[in-house]
Each structure stands twice: as structure tokens, then as C-alpha cells.
Amino acid sequence: MTLTRTRRLALGVSGMCLLVAACGGGDSASPFPAAPTPTPAPIPVPAPPAPSSIWTKTCTTTAPVTATVGPFHTYGGDCLVSYRLSTAEFDSLKQYTEVGAQKVRDNALAAFRANFRDEFDWVMFIWDLDGPPAGAPVGIYQQVYENKPPRCIDTIRTDCPRLLGTLTLTFAELARYHGLDPFRGGPVLHELLHQVANRVLPTVNRGHWGFAGVGGQLGGWKPETFKDLGNGQYQVAPFGLSANGGNSVAYAPLELYLLGLLSEPDVPPVIVAEGVQVIDPAKVMFSAISMKTYTAKEIGELLGEKRPDATKSRTSLRMAVVVLTDKERLTEGRVRVMSIGAGHLTFEGEPGRYSVGSGLAVLDTFNFWSATGGRARLQVTGLSTFGR
């Protein structure tokens, strides 16, 4: 099974990184300085409901229909469950090894599928820890491949099996920032995109945009900043090879196309630099042996039977949130932090601002609805009603 990792995704705030050491980083470090945290507008859509100035809403106030679904405990709001691991299993997460984490994920997914109906597009596993363990990636996305024809791999279609894959975030709160949750502080939008955006363009970062004019969740420069300096030299604004600041950026047009949310004529051509040599990191200048331009039609033809089809795309998606813990039940404080984060991620409108670290910073970030320009929705509520 292929794993797609995000090892150093960070959200930069006033020169500070809220996740790990390299602001604006991704699966590999950029040779250029980190870009300031942008808040670009999504592609225009009708005005959404006005949000509150600081986000404090939980996902819902609905009570679950049952206290447990098999070995899974439910909580107020009914938008997450917890699954208790053995001491040995939880230790394999805290003392991270890839093999140990993979075994825990596989066992937890099997338990979930045995106790819940197949009505979810994603299962999101969150480790009940106050930060990612040493050596662990921040986010891991894995597709579910079994019983799927080739056209259903790397796609999101209504004519394919429901469960697409699992998203794992290796922390529940960042304690040193007074409770930054994984929904807003983790690479959720980035990881979900790995369902459709792997191996699309021939870039230096497999599964990411690298030296390409995409400017989205998976990196690449903003196309409007591209300058041809002549003699095979080019300049762009600061960017990341595999990420551009976590949930602080919306999905780019190419990314929306791959999600099945934008038609080919609405996607501008994308330039990919080949044979790159960095000339001046401070000025974000580089040379390239060649610059190849791809239209959305050409990309679609390269994808073949996996070509996005807006008439078959899923625009209403559902995700199950499962917290992997060593406790019988999660603490009230943990549940509240997660419920607020889940509410922010799934709100169908501009989510507005939220505070981090008792006033340490105030951030504006995208949620799923706003990152797609209002073209798709993500739901997590009513989880207990889907038990077998």
C-alpha cells in the first residue's frame, strides 16, 4: 500500500511555526525562503453567511443516539468517537515506528468497518497526544484500494466504492500552543487532496507540485507571480515545493479540477520547470532547461480513465473522526477542543477567525467549504446513527 506523508507541514504566524521547525515547509524543504502566511480569496462564489469574528462554535449540540457503537465511545455533538488501544498499541504510536503505526491503523480501520455502515468517504484517525511523536509525520494519507477497478484509484466519483481512504493526524492538541487542534493546525486540506493529486505532473516532488505554477495546497508558485527574466532564468514569489502554509491557502484551480469541482475550460494552463537550478534563493530566482506548459485538457488526456468528470464528482462528502487513545473515555477538555475544530472544518460558509494560545495569535484559515469555493461540503455529524 502506498503511503503519502506530510512530514514538515507548518502554519507560519508572524515568523513563528505552529507545527514544526520549517515555516511553509512540506515533505521536503524548499530551497527558497518561507512565504509569509497568505490568506488568498477562493474563486468567487455567492456571499456566504457572515461568521462570528472569533470561531468558538462546536460541530453541533446533538446528543448521540447511543453511548457506544461496539468498542467505539460516542460524545456530545456526535461528531467524533474514541477507540481504546492496548498499552502496547498506544506505545507503538508514542514511540513512533512506521511498521507499528501501520499495524495500529489497519486494526483500527478493520474495527471501524465492522461496527459502522459503509457510508463514509474518509475515516480520520487522530492520535490522543499533545503533539506529534519524535520522527512521526504530521499527516498521513492512505487510499483504500481493495475491490476497486483502476478508474476508481486516485479519483472521487459517485460510480465508485464509497470509502476513499484514511487520513491520520498524529496529535490531538498542540499543548505548547494551548490547544491548537488538528483540524486547523494540521494539514487536513492538504492530505485529503492526496486522494486525487498524486503523480499528475512530472515534478521534482512526487505527489506534490514542486517547481510548477499551481500555487495550491500541494505547493508550487502562484502563477501570477511568474516572471521570465530571459536567458532561461525565472523569478517567482516565495513558495513551497510541497505545501504553501497548511489551511491558510485555498485549493488552486488545478486542484479543484482534480477534485471534480471545476471544468477543464475554467483551469488556466500550468507551467512546469524542468532541469531546475537555484540561482538566488533570497530573490527566488532559478534557471531551467525547459518550461513545459500543460492545459487541463492535456492533463485529463494523460489521466485517461481517471480523468475528472464533474457530472460524476461527489460534492457532499462524509468523514468519520476517530480518536485513538489509551483511555476509557476522552477528557471533556479534549472533546471540546476537537468539537470546535470539527465545527470549523465543516462549517458551510467562511469560518472566520480563531485565536491560538490564549491570544498568542489570531488566524484566518480556510475550511473545506471555503477552500473549494463553496463547491463541496464535508460532514462529520450524526456519527452514532451510522452504527451497524
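Before moving on, here are some points about what is shown:
- Highest average first, the peptides 77-87, 327-337 ordered by how many other beta carbon atoms sit within 10 Å of their residues are 77-87, 327-337.
- Per-q log10 I(q)/I(0), the range 240-388, q = 0.13, 0.17, 0.18 Å⁻¹ (Debye; single scatterer per alpha-carbon; no solvent): -0.86, -1.13, -1.18
- Residue 172 sits among other residues whose Cβ lies under 9 Å from its own Cβ, and their net charge, with Lys and Arg +1 and Asp and Glu -1, is -3.
- Protection proxy ranking of 288-294, 365-371 - average other beta-carbon atoms within 10 Å, highest first: 365-371, 288-294
- In plain terms, the chain from residue 293 to residue 264 could stretch by 9.0 nm, reckoned as 0.36 nm per residue minus the Cα-Cα distance.
- Evaluating 6.51 cos²θ - 1.76 cosθ + 1.60 at θ = phi - 60° for every residue in the range 81-95, the Karplus couplings come out as 10, 10, 10, 7, 8, 5, 4, 5, 5, 5, 4, 5, 7, 5, 9 Hz, glycine and proline recorded as x.
- Projecting the Cα atoms of 351, 253, 238 onto the dipole axis of the range 229-367, where Lys and Arg carry +1 and Asp and Glu carry -1 at the beta carbon, places 351 farthest toward the positive end.
- Charged side chains reduced to their Cβ positions (Lys and Arg at +1, Asp and Glu at -1) give the range 129-176 a dipole of some 160 debye around its Cα centre.
- Cut-off under 5 Å, modelled amide H: who pairs with residue 276 long-range: 289
- Environment charge at residue 289 (Cβ cut-off 15 Å; Lys +1, Arg +1, Asp -1, Glu -1): -1
- Dipole moment magnitude, nearest 20 debye, the range 223-308 about Cα centre, only Lys, Arg, Asp, Glu C-beta charged: 140 debye
- Vicinal HN-Hα couplings computed from phi for the range 137-154 (Karplus, 6.51 cos²θ - 1.76 cosθ + 1.60; Hz; Gly/Pro x): x, 6, x, 9, 10, 9, 6, 9, 9, 5, 6, 10, x, x, 5, 9, 8, 6
- Within the range 47-144: Cβ-based charge dipole about Cα centre, in debye rounded to nearest 20 (Lys, Arg +1; Asp, Glu -1): 100 debye
- Counting charges near residue 85 (Lys, Arg +1; Asp, Glu -1) among other residues having Cβ under 10 Å from its Cβ returns a value of -2.
- Residue-span extension gain [residue 233 to residue 102] - 0.36 nm each, minus C-alpha spacing: 42.8 nm
- Length added when fully stretched, residue 91-residue 386, from 0.36 nm per residue minus Cα-Cα: 103.2 nm
- Taking the inverse of the mean 1/r over every pair of distinct Cα atoms in the range 223-308 gives a Kirkwood hydrodynamic radius of 14.5 Å.
Bear in mind that the values in this text are calculations on the coordinates, not laboratory data. Fair warning: this is a prediction, and the values are worked out from it, not measured in the lab. For neighbour counting, all protein chains shown are included, and Cβ atoms are generated from backbone atoms with ideal geometry for every residue, glycine included.
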